[in-house]
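Q: Submitted below is the structure of interest, expressed as structure tokens.
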Amino acid sequence: MKLVELHAQAMELAVEVVDTVRPDQLDLPTPCAGWTLRRLLEHCVGQHHGFAAAARGAGPDLALFADAPVDADPAGVFRRTGADLTAAFREAAAADRALWLPEIRDGGPFPLAQAVGFHLLDTLVHGWDVAAALGTPGALVAAVEHDDALADALSAVTEAVPNTPEHRAPGRAFRPGLEPGGAGRFDRALALLGRDPAWKAS
């Protein structure tokens with residue numbers, strides 16, 4: 001499935017960003033309101049575990065998606081769990097398996113392409129969150145913008161995310177969308193998901 005391989009590309013880009021994180025930077029603020037870099041990476045690793053379990057046939061168990069510690073090796077943990085998720089998505093594609101995702105709407109099961117799209121969006125947007133926290137978002141944005149297939153996939157998934165008060169309420173995954181203006185596709189996706197593409201730590 002083409003989307004599975006696009007997700008693998010997105011994961012590689014996110015890994016490149018997280019590989020630059022030092023343990024002494026884990027208390028930095030991020031664009032995710034109230035989340036430090038440590039909290040964000042713990043969330044990402046927990047999602048890697050949960051989506052991989054779902055791809056291998058697990059039922060709708062919220063505990064599988066719990067945040068996971070990154071300890072003193074955030075880059076290593078992120079890289080290993082990301083590689084495992086990539087392998088799990090490829091296994092699910094070979095089996096044409098739908099996924100139970102208990103954190104999303106009614107939990108599913110969701111067709112594999114839709115589930116992979118959900119995580120592709122999370123991978124790129126949270127990769128940007130990490131890069132923005134480090135003050136280095138430009139390389140990731142440029143890499144996506146120069147890959148039409150990846151940028152188009154991100155745009156398509158982003159535009160399918162409901163932008164209503166019910167779906168963008170406090171505590172939800174995304175804030176109300178912002179005016180995207182004339183920015184590139186990545187910046188437009190960030191704005192539609194409620195992130196300021198020009199965000200910098202204060």
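Q: Check the range 174-184 and report whether any residue there is of a type outside the set (S, T, N, Q), modelled with pLDDT of 90 or more and surrounded by 20 or more Cβ atoms within 10 Å (Cβ to Cβ).
A: Scanning the range 174-184, I find no residue that is of a type outside the set (S, T, N, Q), modelled with pLDDT of 90 or more and surrounded by 20 or more Cβ atoms within 10 Å (Cβ to Cβ), so the answer is no.
Q: Determine, yes or no, whether A55 is out of contact with any His (no Cβ under 7 Å at 6 or more places or on another chain), among the aliphatic types (A, V, I, L, M), more than 21 Å from R195 (Cβ to Cβ) and open to solvent by 30 Å² or more (accessible area, probe 1.4 Å).
A: Considered against the rule, which asks whether it is out of contact with any His (no Cβ under 7 Å at 6 or more places or on another chain), among the aliphatic types (A, V, I, L, M), more than 21 Å from R195 (Cβ to Cβ) and open to solvent by 30 Å² or more (accessible area, probe 1.4 Å), A55 comes out as no.
Q: I'm trying to understand the selection: among the residues of the range 39-61, which are touching a residue at least 40 places away in the same chain (Cβ under 8 Å) and hydrophobic (A, V, I, L, M, F, W, C)?
A: If the condition is that a residue be touching a residue at least 40 places away in the same chain (Cβ under 8 Å) and hydrophobic (A, V, I, L, M, F, W, C), then L40, L41, C44, F51, A54, A55, A58 are the ones that fit.
Q: Oh, and also: Among the residues of the range 75-101 satisfying the criterion of being at pLDDT 95 or above and part of a loop (DSSP other than H, G, I, E, B), which is nearest to T123 (Cα to Cα)?
A: L101
The values are calculated or read from the model by the stated rules, or taken from the named source; none is laboratory data. Owing to the predicted nature of the structure, the values given are computational and were not obtained by experimental measurement. We place every Cβ from the backbone using ideal geometry, glycine too, and count neighbours over all the protein chains shown. Quick note on the areas: whole protein, heavy atoms, side chains included, nothing else; ligands and nucleic acids left out. Shrake-Rupley method; radii C 1.70, N 1.55, O 1.52, S 1.80 Å.
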